[in-house]
Structure formats: C-alpha cells, structure tokens
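Peer 1: There's a structure below that I have some questions on.
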Amino acid sequence: MNQKRITIIIITILSVFLIPLIVTGFLVLVVGRILGCAGYLLMMQTHVARNELRSIIEELKDLWRNN
C-alpha cells in the first residue's frame, strides 16, 4: 500500500513538471522557426521564407492529425 502511494506521488510530480516542459519546448521550437522565417524575409529571400512557412504548417498539421 505504501509503495503504491509513493509511485502515484512520483507519477503525479513527473506529470506536473514534464508536460509543461514539453509544451514549452515545443512552443520555443515553433517560435524560433517563425522568427527564422521572418529573418529570411528581412534578407529579401522570400522563396526560402515561403518554403520554411510551408514546412512549419505541414509539421503542425501532422502533429494535429496524430494527436
């Protein structure tokens, strides 16, 4: 009984801390790629920025479909 309670506490703590870290890491990656795309636009490389945006959108669609 005591070991079961300890495992429940450990799982709760891990889920409380790990899920926000994973979500935050994902958001940082997406925002970083969008800022990179804005950098390509500032350097007047619109074709690279367009391809980068398309790849970001495709990855987000894939993530949305899988979840």
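Peer 1: Any residue in region 44-64 that is open to solvent by less than 80 Å² (accessible area, probe 1.4 Å), without any contact (Cβ under 8 Å) to a residue 60 or more places away in the chain and not in a helix (DSSP H, G or I)?
Peer 2: For region 44-64, residues open to solvent by less than 80 Å² (accessible area, probe 1.4 Å), without any contact (Cβ under 8 Å) to a residue 60 or more places away in the chain and not in a helix (DSSP H, G or I): present.
Peer 1: Going residue by residue through region 22-36, is there one that turns out to be surrounded by 10 or more Cβ atoms within 10 Å (Cβ to Cβ), in contact with an Asp or Glu (Cβ under 9 Å, 6 or more places away or on another chain) and among the small types (Gly, Ala, Ser)?
Peer 2: yes
The values are calculated or read from the model by the stated rules, or taken from the named source; none is laboratory data. Worth saying up front: this structure is predicted, and the values here are computed from it rather than measured. Here the Cβ is made from the backbone with ideal geometry for all residues, glycine too, and neighbour counts use every protein chain on show. Just the protein is used for accessible areas: all its heavy atoms, side chains included, with ligands, DNA and RNA removed. Shrake-Rupley method; radii C 1.70, N 1.55, O 1.52, S 1.80 Å.
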